[in-house]
Amino acid sequence: MVPLETTARLEMRKRAQELTTRHEGLRAEQVLKEVIRRDFPGRIGLVSSFGAEAAVLLHMVARIDPYVPVIFLNTWKHFPETLDYRDRLIADLGLCNIQTVLPRPDSLRAEDPDGTLYVRNADLCCHVRKTLPMIKALRGLDCWITGRKRGQAVTRSDMELFETQDRWIKVNPLIDWTLDDVAAYFAAHSLPEHPLKAQGYPSIGCAPCTRAVRPGEDARSGRWADSDKTECGIHFENGKIVRRPV
Ligand code: SF4
C-alpha cells in the first residue's frame, strides 16, 4: 500500500504539472491574477527579499491585491540599504500586508551566539535564520510566489512554472524573464532601484554572504562567493535538497 504522505505528494506534483500546463505561455501578470484570484484565493503569499529585482513582483501583486501577504525574512544580516528599500517600496506600492518574520531568539542563542555562524556553517545559518522562520510563516498557505528565473544561474535552468516543495506549491511567474525584461518593467512603471544595484550587486542577500559581481559573471555569483553553496535553503536546487530536512 502506498503511504498516505506519498500519495499526497504525488497528487500535489500532479496539480503542479496541471497548473504549469494551464498557465504556461501566459504573461506574468496574468499568471499572478489566476493564482491569486482563482487557484489559491486567500491561500497564497509572496516571499520577497526586497532585493535587486523584487520590485517587479511586488508591483504586480500590489496592483492585483495589496492584501496578499508579503513575507520578508529578516535574518538580522541584511544590508541597511535593503531595509530602507523595503520601507520605501512598501510605501510607494501601497502594500498592505507585510509579514516580517524573524529567527527564533532561542535558536540564535543556541546555534549562533556570536553571530558568526555564517563563517563556520552557512547551511546551518540559513536553516536557522531563513528556512525555519519561512516554514512557520507559510503555515496556512498552500502556494507561494517566488521571483526565481531560469536565466539567473545554471542551477536554475530547468525550473518549471509551478513546482512543489514540502507541502507547498511554488509559482515562478518571472521564470523566463531576462535582465532586459526586468529593466523594461522598472522603466515602464518608474520603479525605484535597490541602491546597491548601481554598485554591482545584481542579486542581493545577507550582507556577509553577498559581494558585487565581476564583468561576465552570472548574476548570482556574488552570493556565497568562493564556496559551492548556491541556494539559501528556502529553495531546492534542481530537485536536490540543499538544506537540512525540516
Ligand atoms: S545568507 Fe549568510 S548570513 Fe544570511 S542566513 Fe544564510 S549564511 Fe546566514
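Assess whether residue 102 counts as being buried (at least 17 other Cβ atoms within 10 Å of the Cβ) and on the phi < 0 side of the Ramachandran plot.
So residue 102 fails the test.
When you look at residue 167, is it over 17 Å from the mean Cα position of the chain (by Cα), surrounded by fewer than 15 Cβ atoms within 10 Å (Cβ to Cβ) and modelled with pLDDT under 95, yes or no?
Working: over 17 Å from the mean Cα position of the chain (by Cα): no; surrounded by fewer than 15 Cβ atoms within 10 Å (Cβ to Cβ): yes; modelled with pLDDT under 95: yes.
Considered against the rule, which asks whether it is over 17 Å from the mean Cα position of the chain (by Cα), surrounded by fewer than 15 Cβ atoms within 10 Å (Cβ to Cβ) and modelled with pLDDT under 95, residue 167 comes out as no.
Do we find that residue 62 is touching a residue at least 40 places away in the same chain (Cβ under 8 Å) and within 19 Å of the chain's Cα centre (by Cα) in this structure?
Values: touching a residue at least 40 places away in the same chain (Cβ under 8 Å): no; within 19 Å of the chain's Cα centre (by Cα): yes.
Against the criterion (touching a residue at least 40 places away in the same chain (Cβ under 8 Å) and within 19 Å of the chain's Cα centre (by Cα)), residue 62 does not qualify.
Given the options 130, 149, name the one that is closer than 15 Å to residue 48 by Cα and touching a Phe, Trp or Tyr at 6+ places or on another chain (Cβ under 7 Å). Even if it seems obvious, please write down each step before you answer.
Values: 130 fails: touching a Phe, Trp or Tyr at 6+ places or on another chain (Cβ under 7 Å).
After applying the criteria, what remains is 149.
I need the full set of residues from the range 155-175 which are under 19 Å from residue 6 (Cα atoms) and assigned to a loop (DSSP other than H, G, I, E, B), in order please.
Those that are under 19 Å from residue 6 (Cα atoms) and assigned to a loop (DSSP other than H, G, I, E, B): 166, 167.
What number goes with the only condition from (1) buried (at least 16 other Cβ atoms within 10 Å of the Cβ); (2) out of contact with any helix residue (DSSP H, G or I) (no Cβ under 6 Å at 6 or more places or on another chain); (3) not in a helix (DSSP H, G or I) that residue 35 does not pass?
(3)
Is it true that residue 73 is away from the ligand (no atom under 15 Å from the Cβ), at pLDDT 95 or above and either of a type outside the set (D, E, K, R) or closer than 30 Å to residue 20 by Cβ (or both)? Please lay out each step first, then the result.
Details: away from the ligand (no atom under 15 Å from the Cβ): no; at pLDDT 95 or above: yes; either of a type outside the set (D, E, K, R) or closer than 30 Å to residue 20 by Cβ (or both): yes.
So residue 73 does not fit the description; no.
Can you say whether residue 176 is in contact (Cβ under 8 Å) with a residue 60 or more places away in the chain, open to solvent by 10 Å² or more (accessible area, probe 1.4 Å), closer than 28 Å to residue 27 by Cβ and over 15 Å from the mean Cα position of the chain (by Cα), as far as the supplied structure shows? Break it down into steps so the answer makes sense when it comes.
On the way: in contact (Cβ under 8 Å) with a residue 60 or more places away in the chain: no; open to solvent by 10 Å² or more (accessible area, probe 1.4 Å): yes; closer than 28 Å to residue 27 by Cβ: yes; over 15 Å from the mean Cα position of the chain (by Cα): yes.
Answer is no for this residue.
Where in the range 89-147 are there helices (runs of 4 or more DSSP H), lying wholly inside it, with at least 1 residues that are more than 13 Å from the ligand (Cβ to nearest atom) and touching a residue at least 24 places away in the same chain (Cβ under 8 Å)?
On the way: elements: 105-111, 117-120, 122-126, 132-137.
Counting at least 1 such residues, we get 132-137.
Could you list all residues from the range 198-208 that are surrounded by 19 or more Cβ atoms within 10 Å (Cβ to Cβ) and either among the hydroxyl-bearing types (Ser, Thr, Tyr) or more than 16 Å from the chain's Cα centre (by Cα) (or both)? Lay out the reasoning, then the answer.
Kept after step one, since they are surrounded by 19 or more Cβ atoms within 10 Å (Cβ to Cβ), are these residues of the range 198-208: 201-206.
Residues satisfying the conditions are 201, 203.
Is it true that some residue in the range 37-50 is in contact (Cβ under 8 Å) with a residue 60 or more places away in the chain, under 20 Å from residue 191 (Cα atoms) and away from the ligand (no atom under 16 Å from the Cβ)? Walk me through how you get there before you give the answer.
Our first condition is that a residue be in contact (Cβ under 8 Å) with a residue 60 or more places away in the chain; within the range 37-50, this holds for 39-40, 43-50.
Still in the running and under 20 Å from residue 191 (Cα atoms): 46-50.
This time we only want the ones that are away from the ligand (no atom under 16 Å from the Cβ), so: 46.
Within the range 37-50 (the criterion being in contact (Cβ under 8 Å) with a residue 60 or more places away in the chain, under 20 Å from residue 191 (Cα atoms) and away from the ligand (no atom under 16 Å from the Cβ)), the answer is yes, since at least one residue qualifies.
Is it the case that some residue within the range 68-77 is surrounded by 18 or more Cβ atoms within 10 Å (Cβ to Cβ), in contact (Cβ under 8 Å) with a residue 12 or more places away in the chain and out of contact with any strand residue (DSSP E or B) (no Cβ under 7 Å at 6 or more places or on another chain)?
no
Across the range 41-88, what is the total count of residues that are within 17 Å of residue 195 (Cα to Cα), among the polar types (S, T, N, Q) and part of a loop (DSSP other than H, G, I, E, B)?
So the count comes out to 2.
The values are calculated or read from the model by the stated rules, or taken from the named source; none is laboratory data. Nothing here was measured: the structure is a model prediction, and the numbers come from that model. Neighbour counts are summed over all protein chains in view; Cβ atoms, including those assigned to glycine, are modelled from backbone coordinates with ideal geometry. These accessible areas exclude ligands, DNA and RNA; they are computed on the full protein's heavy atoms, side chains included. Shrake-Rupley method; radii C 1.70, N 1.55, O 1.52, S 1.80 Å.
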